[in-house]
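The values are calculated or read from the model by the stated rules, or taken from the named source; none is laboratory data. Computed from a predicted structure; not experimentally measured. When we count neighbours, we look across all protein chains shown, and the Cβ atoms used for this are built from the backbone with ideal geometry, even at glycine.
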Amino acid sequence: MLSFLLVVLGVFLAAASLLALTLLVYVPPLARGFVQTSWLVAPPSPRLRGGETCRFRARDGIELSGVYLRTPAAQRMGVVVFCHELTSDRNSAGPYVEVLRRRGFDVFAFDFRNHGASANLPGYEPLPWLTRFELADVQGALDYVCSRPDADPRGVGLMGVSRGGTAALAAAAGERRVRAVVTDGAFAFRTIQLHYMRRYMQIYTAWADWFARLPDLWLGPLCVWSQWVIGYRRGCRFVPIESAARRIRQPVLMIHGADDPYIPLDTAARLQTQLGGRSKLWVVPAARHNGSIVTAPSAYHRHVVRFFLKHLAHGRRAPARRSERKTARALA
């Protein structure tokens, strides 16, 4: 019995020693690598015109800026909130929503904090990875749109690009006001971490080849520790989108470029399988990150419009705005 206990203790000490060595040797360069990860810089976009500029508050109180764009169609089919990518602003919504607006959808596009005309949070430097701050911004946008006098009582749709798509998914989890979600290039932090750890960590540590042989079950906790280290240093908390995805019950359309060099297709497919609701992954051949709308514009708009017509408009006549009801009474 004593010998058995000694064996168990030896195994435990060996595992603990290996874990401690892994944390000490691998987590610091892993955290440094993800802070220094180069990312796609969004090009400037033409200013959105013809909308109603507005100010509102994120869930944690910071002031944000947005623009409400009404549809030129005779009948509104629904309302879509657009979430832009990192280093961009609300003006980037233009190419994504122009056809949606013509087909009867109002669009609300806003600037995340530290972007565009929204307020800057002192000391916070946005990263490609979703934090509680961006989630609070989307939640604030939902609160604003759903509290407007012309709000659609049936709820809204969300559309997001890259990190904005990830934020849209996180905001939709458990949120009854969100009826459907479209993402383009969305990703989960931990899944991408595992991919980057195996592919690029030799840049930061000489132990990379050895650690790359460890199973995901062992490397997973390293992801959690590195996220804590990065968050502690930068004063933020990252959102575990994998657990949020399992609480999503709304229909989701994920769009992803087959040749995305930042977010490999298999990681997007893994995220799609984790979604708890009705979801579909549309892969655009030859498209790179955020490039699907450029590679296949006609098909892109067709997929997005059909999805929102089916799951947001749902074939029912949306309640008319107050101004529309006055016009109808005047013509009667």
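Some observations on this one:
- Per the listing Arg59, Arg49, the residue uniquely outside any strand (DSSP E or B), touching a residue at least 40 places away in the same chain (Cβ under 8 Å) and at negative phi is Arg59.
- Residues in region 211-249 that are of a type in the set (Val, Ile, Thr) and modelled with pLDDT of 85 or more: 3 in all.
- Odd one out for Gly276, checked against (1) of a type in the set (Gly, Ala, Ser); (2) part of a helix (DSSP H, G or I); (3) at pLDDT below 95: (2)
- Test: Tyr96 is within 16 Å of Gly66 (Cβ to Cβ), surrounded by fewer than 24 Cβ atoms within 10 Å (Cβ to Cβ), in contact (Cβ under 8 Å) with a residue 60 or more places away in the chain and in contact with a strand residue (DSSP E or B) (Cβ under 6 Å, 6 or more places away or on another chain): no
- Selection within region 38-58 - crowded, with 17+ Cβ neighbours inside 10 Å, over 20 Å from the mean Cα position of the chain (by Cα) and small (Gly, Ala, Ser): Gly51
- Within region 166-194, residues that are over 11 Å from Ile248 (Cβ atoms) sit with their Cβ atoms under 6 Å from residues that are among the basic types (Lys, Arg) and surrounded by fewer than 24 Cβ atoms within 10 Å (Cβ to Cβ), at 6+ positions apart or across chains, in these pairs: Thr191/Arg270.
- Taking region 81-99 as the range and being touching a helix residue (DSSP H, G or I) at 6+ places or on another chain (Cβ under 6 Å) and closer than 16 Å to Val156 by Cβ as the test, the residues that pass are Val81, Phe82, Cys83.
- Condition check for Leu312: at pLDDT 90 or above, within 15 Å of Leu169 (Cα to Cα) and crowded, with 20+ Cβ neighbours inside 10 Å: no
- Matching residues, region 247-274, being free of Cβ contacts under 8 Å to residues at least 40 places away in the same chain and more than 18 Å from Trp129 (Cβ to Cβ): Arg249, Ala258, Asp259, Leu265, Asp266, Ala269, Gln272, Thr273
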